[in-house]
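Taking it in order: structure first as structure tokens, then the write-up.
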Amino acid sequence: MIEKKESNFNRRGFIGAVTAAGAGVLLTRCSKTYPKLTFVDKAPDGPILKAGLVGCGGRGTGAAQDFLKAGPNLQITALADVFGDRVQDTRKILQEKANQKIADDHCFIGFDGCKKLIDSGVDIVILATPPHFRAEHFEAAVDAKKHVFMEKPVAVDPVGCRSVMASGEKAKSFNLSVATGTQRRHQREYIETYNRVATGAIGKITSVRIYWNQSQLWYKERKKEWSDMEAMIRDWVNWRWLSGDHIVEQHVHNLDVAHWFLGETPEKAVGMGGRARRVTGDQFDFFAIDYTMANGVHIASMCRQVDGCINNVSEYVVGTEGSTNCKDTIFDKEGKVVWQYQEAGKEPGKSAFNPYEQEHVDLVTAIRTNQPINEASNVAKSTLMAVMDRIAAYTGQEVTWSQMMESSLKLGPKEYALGPVDIKAEIPVPGSAKKSKEDE
């Protein structure tokens, strides 16, 4: 089953903005005209909106601060995390940097912290735990009729991705707004570029290349006093059941751009990967994937987290009439620049607007203008693309989208408690050790 193509130009997909951002363009050779886009710099005023943060790590703490900058009358009133030290660290940062004083009885510790936070009187729930917990937390927030901001990715397995899709549909029925941490869809350079590509600037898309190659991320070596569960969660970015592997946790950004610009999900994928440098966890260090779309277009996908190698974080889309870096520039068939994004008073390709803050500006604007946005389906499908990649590389087999939509795979332990966990660091080995007759 292939996802139905998105319309070429959907203004609601651009957040239904209400004030002009003053963006200009640098044109060298371009005769086409394109729909005019407007953006919101700050969310409008309104009654106080109270938000609670679930997951007090670095990204969660950053998301809480970005939310507070989105507009007037915004508060963080509750915090939740499995670990008390994380809650207190975030509490201190928010008080010192944002003048947010969070009461003792609104600081929740343990695996049931999300439920307690949802019941504490918040209007918005910010979900920033390790991705394994996202689907369950999102479902609970929607059932309680709370608006949601959730970080990417939104799951680590097919069951979780489909759960997010279902909860997203329920959120629509409740008139709730859901924004996600796929910030390129809120980044003005990307939106302006997509606007032109969707309106025919490069003709019919023929191929896509996406990359996230960088140095090793952080890791936590286990301390003697930590249980299995604590050690894994504190080192979550290196464990498959918690992060989905880095092709899911990080490369999802590039995959989301491919999904966005193509307007559909792939039919099938084959790939490869391996582990060479990682020192904790059970993940690969690198992946290379070839996707096939229903119309025969291919996406070439590559990601790596290894020190001392060449780095590249980018997306490229090629069409019959030109190409684009997706971010801020369009080229003709000879590779000459025909358009580049430019804001008034800024260098070409540079923006004065932080996309991490823009995510929250768009969310709060949607809530206060009663024009709901809902990004759950898009990010769930982009996440499932990444899960599909991972499975293809781990097994060495061709994996189809229809298999992912039917798969019962669910990662993680059966119970959540700070004790032993029956998950060992076993690295996947694709293929078979047996030689074929042709090799003998």
Taking amide H positions as placed in the peptide plane 1.01 Å from N, state which residues far from ALA155 in sequence (5 or more) or on other chains have amide H under 5 Å from it.
none
Labelled set (1) 48; (2) 22; (3) 15; percent of Cα pairs over 38 Å apart computed from this model equals the value at (2)
What figure, in Å² to the nearest 10, do you get for the accessible area of VAL429 with a 1.4 Å probe and non-protein molecules left out?
120 Å²
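Restricting to DSSP H runs of at least four residues, report the calculated mean residue ellipticity at 222 nm for the chain, -39500 (n - 2.57) per run over all residues, nearest 500 deg cm²/dmol. It would help to have the intermediate numbers written out before the result.
Numbers: 13 runs with 135 residues, N = 440.
It comes out at -9000 deg cm²/dmol, rounded to the nearest 500.
Can you compute the FRET efficiency between GLU398 and ASP307 using 1/(1 + (r/R0)^6), with r the Cβ-Cβ distance and R0 = 30 Å? Round to the nearest 0.05. Don't jump to the answer; show the numbers that get you there.
On the way: r = 32 Å, r/R0 = 1.06.
About 0.40, to the nearest 0.05.
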Which of the three applies to the range 341-386, rounded, prolate or oblate, going by the alpha-carbon gyration tensor with a ≥ b ≥ c and a/c under 1.5 meaning rounded?
oblate
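For the range 259-401, what relative contact order do you get, as a whole percent, if you take Cα pairs closer than 8 Å and at least 6 residues apart?
Working: 188 pairs, mean separation 37.8, N = 143.
It comes to 26 percent, rounded to a whole number.
Where both residues lie in the chain, what percent of DSSP beta bridges are antiparallel, nearest 5? Don't skip to the end; give the middle numbers.
On the way: 36 of 65 bridges.
So the antiparallel bridges in the chain amount to around 55 percent.
Taking the highest mean first, how do the peptides 376-384, 409-417, 62-70 order by number of other beta carbon atoms within 10 angstrom per residue?
Numbers: 376-384: 25.7, 409-417: 13.9, 62-70: 21.0.
The densest-packed peptide leads the list: 376-384, 62-70, 409-417.
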Starting at the first residue of the range 70-86, write each ³J(HN,Hα) from the Karplus equation 6.51 cos²θ - 1.76 cosθ + 1.60 with θ = phi - 60°, in whole Hz, x for Gly and Pro.
6, x, x, 6, 10, 9, 9, 10, 8, 10, 9, 6, 5, 10, x, 5, 5
Taking LYS32 as the anchor, which aspartates and glutamates have their alpha carbon closer than 16 Å to its alpha carbon, excluding any fewer than eight residues away along the same chain?
GLU192, GLU321, ASP332
At 7 Å along Cα-to-Cβ for each site, give me the label-to-label distance between GLU221 and VAL429 in nm.
2.8 nm
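Given a Förster radius of 60 Å and the C-beta distance between THR38 and ASP85 as r, what FRET efficiency does 1/(1 + (r/R0)^6) yield to the nearest 0.05? Write out the running numbers ahead of the final one.
Details: r = 44 Å, r/R0 = 0.73.
Computed FRET efficiency for THR38 and ASP85 comes out at 0.85.
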Set the Förster distance to 35 Å, then compute FRET efficiency between ALA276 and LYS145 from the Cβ-Cβ distance, nearest 0.05.
0.15
Centroid-to-centroid separation of the range 245-272 and the range 76-102 [C-alpha atoms, Å]
34 Å
Of the accessible area of the range 72-183, with the probe set at 1.4 angstrom, what percent is carbon plus sulfur?
46 percent
What whole-number value in Å² describes the accessible area per residue of the range 307-440 for a 1.4 Å probe?
54 Å²
Distance in nm between label sites at LYS333 and ASP119, each 7 Å beyond Cα in the beta-carbon direction?
6.5 nm
Within a Gaussian network of the chain (alpha carbon springs, distance under 10 Å), most fluctuating of MET405, MET385, MET302:
MET405
Starting from the Cα of SER377, step 7 Å along the direction of its Cβ; do the same at ASP45; then give the gap between the two resulting points in nm.
3.7 nm
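For each pair in LYS101/LYS327; LYS115/LYS170; LYS36/LYS327; LYS115/LYS410, compute the distance between the two Cα atoms and list the pairs where it is over 27 Å.
On the way: LYS101/LYS327 38 Å; LYS115/LYS170 18 Å; LYS36/LYS327 18 Å; LYS115/LYS410 22 Å.
Those over the limit are LYS101/LYS327.
How large is the accessible surface per residue of the range 47-106, computed with a 1.4 Å probe and reported in Å² as a whole number? Spell out each step's value before the answer.
Working: 2600 Å² over 60 residues.
On a per-residue basis, 43 Å².
The values are calculated or read from the model by the stated rules, or taken from the named source; none is laboratory data. These numbers were taken from a predicted model, which means no experiment stands behind them. Positions of Cβ are backbone-derived with ideal geometry, glycine not excepted, and every protein chain shown enters the neighbour counts. Side chains are part of the model used for accessible areas, which takes the heavy atoms of the whole protein and leaves out ligands, DNA and RNA. Shrake-Rupley method; radii C 1.70, N 1.55, O 1.52, S 1.80 Å.
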